[in-house]
Amino acid sequence: MAKELWEGNAAIAEAAIRAGLEAFFGYPITPQTEILEHLSHRLPELGRVFLQAESEIASINMVYGAACAGARVMTSSSSPGISLMQEGFSYIACSEVPAVIINVMRGGPGLGNVAPSQGDYFQAVKMAGHGDFHPIVLAPGNIQEAIDLTVLAFDLADKYRTLAMIAADGSLGQMMEPAEMPPLRPVRPPEERAAWALTGAKGRKPNIITSLYLVEEELEKVNLRLQAKLREIAANEVRWKEYSTEDADLLMVAFGTVGRVCQTVVREARAKGLKAGLLRPITLWPFPSARIAELAGRVRGILVVEMNAGQMLEDVRLAVEGRRPVHFYGRMGGIIPLPDEILPQLEELDAATRS
Amino acid sequence: MAAKGMVIIDENRCKGCGLCVSVCPVHILKLADGRFNIRGYRPVEVIDPEACTGCAMCATICPDVVFTVYRRKMRREPSTAEPVNAKSHTIRW
Amino acid sequence: MAVEMIADMELVFKYPESLTPRVTHYCPGCTHGVIHRLIAEVIDELGVRERTIGVAPVGCAVLAYDYFNMDFCEAAHGRAPAMATGIKRVSPDKVVFTYQGDGDLAAIGTSEIIHTANRGELITTIFVNNAIYGMTGGQMAPTTLPGQVTTSSPRGRDVETAGWPMKMAELIGMLSGAAYVTRQAVLDVPGIRRTKKAIKLAFQVQLAGLGFSMVEILSTCSTNWGVSPLEALDWAKQNMLPYYPLGDTKVVDEVRALMAKP
C-alpha cells in the first residue's frame, strides 16, 4: 500500500481497525478525541461496535466486558481519563483478558493542559493500577510507528492475555505525516473466540472470569502466574531503536516525540565533533535495561531527555547502576524541548566527563 | 389416607433460618431439637408427613433450595371426595 | 415407601439446573438465596442457560458466579452495567444480566446504571435493595431509611446531612431507554411468586429486544438489621414497603403486549 498523509490520532484509530478491532468504547478528551471521532464513523460502516460511554470509568469497564466475551477491543483517552481507568486496568490484568489502551498524554498533574507531555510514564510503567502488574507499554516516535505499534499492541495483548498500552503524546496525536497502513485483517468470527471467553456454557462447564481470590494462597498463586508471564514478556518483547551508537561516547536516552527531537541533536552534536548517540526505547515496559547497561559500559556519560520531571530517568539509572554519570534534561507543562536547548546539555555532559 | 404431598429435605443445605416453618400452612415443619447438620445448624424436619399437601410454600421461601416437592397427581375422573375448602391451608389432613 | 409414593406423584418443585450444587455463603434466612433461585428457575424455564452471561457485583453477591451454573464474570464495584454493556454489544445473541445490591447500583454505580438504562441496553438488571451495606458489615446505604440505625449512621440516618433514600425503580423508570422497570419484594410467598413473574418478564423483554429491564427487589439483611430472619421479613414490610411502594414504574406498550400473551 502507498503512503498517505495521516494525522496521528486518525492513524492509530485506522490501524486498530486494520488489526481487527471489533469494538471501541471511549469518552472524548483532548488531545485524542480524533481517535473516537474516526472510529465513530468507520466502525459502524464496517458493522462493528462503537459506543461513546458516559465516562472513562464506564469505557474501561465496557472494554473489560467485551474482552471477557472474547472480542478484540480497545479504548483511548488522555492522562486524566487514564487515571480514571486505572481500577479497570487492574481488574483486566488480574483477569488475564486482552485489551488495548491508547494514552495520548497531555500536560499534568490535575487538569493540566492539552499540550504534549510524557508525564504519565510512571503511571503507565510503574503503577497502572493497584496490585502487582505491568501493562506492555509501547511508545511510538512517529506516525508510522504509531500505526505499526497499534497493530502490535493487539497481537501482544492477545498472545499474553494482558493489557497493552500505547503511550503517545499530544503532538504525535495531532501532527500529520506520510505513513503506510497495513492491509485490513478480517475480524475474528464470534464462533472462533477463545476457549476461556464468556460465550455461553453450551456443551461445556461454565467459564468464570474474576479477579477475586479470597484464599491467600490462591491469590498468591495467581500473582506468581502473573509474574511468570511478565518475566516471559520481559524476555521476549523488549524493543528499542539506536542511532549512531556504534562509536558514541555520549549516549542520549529519550522516547516518543522527544526521542525524535534527540535524533536532530545527534546530528548537530556530530557536526560539532561530539560523538553522540541515541537509544530510543520503543517498549517502556519491558524496558531495554540490558542494552542500556551494555552501552553504559562503552560511553563516558548519559543524558536522559524527557517531557516530564525525570521519570524514565529512574529506570536508566537503575540500568546504569551508578557506573557512569547520568544527567537529565526535561521540560514540563506541555513543552517539547528543542534541539537548541538539549545540545548545550550534551556539551555540559561532555565537559563534565572529559578528564 | 395417603398424603397429598411430599417434601424431600436436603438436610445439609439447611441453615436453620426457620422461614419455611413460618409459612407451612399445615404446620408440619419444625427445626430439629438437639441435633445439628454438618454445617452446625438445626435442620428443618417434617413432623407429620401424612399432612403434607405438596403446596411448596416451604420451598418457595427457602433461600437455600433445601426442599424438593412432590404432589399427588390429579385424577382425571370426577372425584367423589369432598371439594377442597378455600381455606384448606389451615386444615390438617 | 418413598419410591412407591413418587410413582403417582408429580415433581412440583425441583433444584434448578441453572444453579450449581454449592451451598451459598449467605447468612441464614438471607433472601439473596431466594432471588438467586428465582433467576435460575426463570433461565431454566426460558431455556437460555447455555447462552446466558451473568455479571456479579461487589457486595454480598460478589460470589454469585459460584452459585449460577452459567458463564459469569465479576465486575468492579458499581460497574456491572458497563461490563454487561460491553458483553452484550459484542455478543448480541447472548442473554446478559447484572445482579447488583444497593451500594453497588445506587451509590458507586449510579452513573453506570442510569446511562445503561438510558441507552436501552438489551440487558436485565436484578437490583437487590435491603437498605444496608451487608458485606462490609452494616453501614448506611443509599437506600437506608430515614432514622435507620447503621454502623455509619449510629444515631439513625439524618436526611439533613445524609440525604434521602434513593428510589431507583422510579428513577430508572423515568428514562426513555427503560422498557420494563418494577419493584417487587421477596418478603412472603405471594411476593416471591410475583417477583418470579417480574424476573421472567424482564428477561423476556430482553429476549424480545424491547429495551432495558430492571427488577428492584426488596430484600432483607437480618444480620445487619440485628433481628431474626423471620423478624427481618416483618421489619421490611413495616419499614421498607411504605417508603418503597411495590409495582411497575415503567411498562412500555410493547411490554404490555408481551404481558397480555398467555
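What follows is calculated from the coordinates using simple rules that are stated; it is not laboratory data. From a predicted model like this one, the values you see are computed outputs, not experimental measurements. Heads up, the Cβs are rebuilt from the backbone with ideal geometry, glycines too, and the neighbour counts pull from every protein chain shown.
Key figures for this structure:
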| quantity | calculated |
| --- | --- |
| Cα centroid of the stretch A:176-199 to Cα centroid of the stretch C:119-183, whole Å | 41 |
| Theoretical gain in end-to-end length, residue A:341 to residue A:232 [0.36 nm per residue, Cα-Cα removed] | 35.3 nm |
| The stretch A:11-70 shape via C-alpha gyration tensor axes, a/c threshold 1.5 | oblate |
| Partners for residue C:197 among lysines (Cα-Cα distance below 16 Å; same-chain residues under 8 apart left out) | C:250, C:261 |
| Gain upon complete extension [residue A:293, residue A:45; 0.36 nm per residue less C-alpha separation] | 84.4 nm |
| Placed amide H near residue C:185: partners under 5 Å, 5+ positions off or other chain | C:195, C:218 |
| Magnitude of the charge dipole, the stretch C:1-143, Cβ model with Lys/Arg +1 and Asp/Glu -1, debye to 20 | 540 |
| Under-5 Å amide H pairs with residue A:163, H placed in peptide plane, nonlocal only | A:99, A:136 |
| Residue-span extension gain [residue C:63 to residue C:22] - 0.36 nm each, minus C-alpha spacing | 13.6 nm |
| Spin-label pair residue B:33/residue A:155, simplified geometry with 7 Å Cα→Cβ offset, distance in nm | 7.7 |
| Whole-angstrom gap from the stretch A:236-286 to the stretch A:1-20, using each part's C-alpha centre | 26 |
| Gaussian network model of chain C, springs between alpha carbon atoms under 10 Å - residue of C:11, C:241, C:230 with greatest fluctuation | C:11 |
| Virtual spin-label span in nm between residue C:159 and residue C:46, 7 Å along Cα→Cβ | 3.6 |
| Sparse-neighbour loop sites [GluC sites (Glu not before Pro); the stretch A:148-210; at most 16 other C-beta within 10 Å; DSSP] | A:180 |
| Dipole of chain A, positive direction: furthest Cα of A:284, A:173, A:342, with charges on the beta-carbon | A:284 |
| Tail beyond 37 Å, pair distance distribution of the protein assembly as shown (Cα, percent) | 48 |
| Global form of the stretch A:241-353, assessed from the alpha-carbon gyration tensor, a/c cut-off 1.5 | rounded |
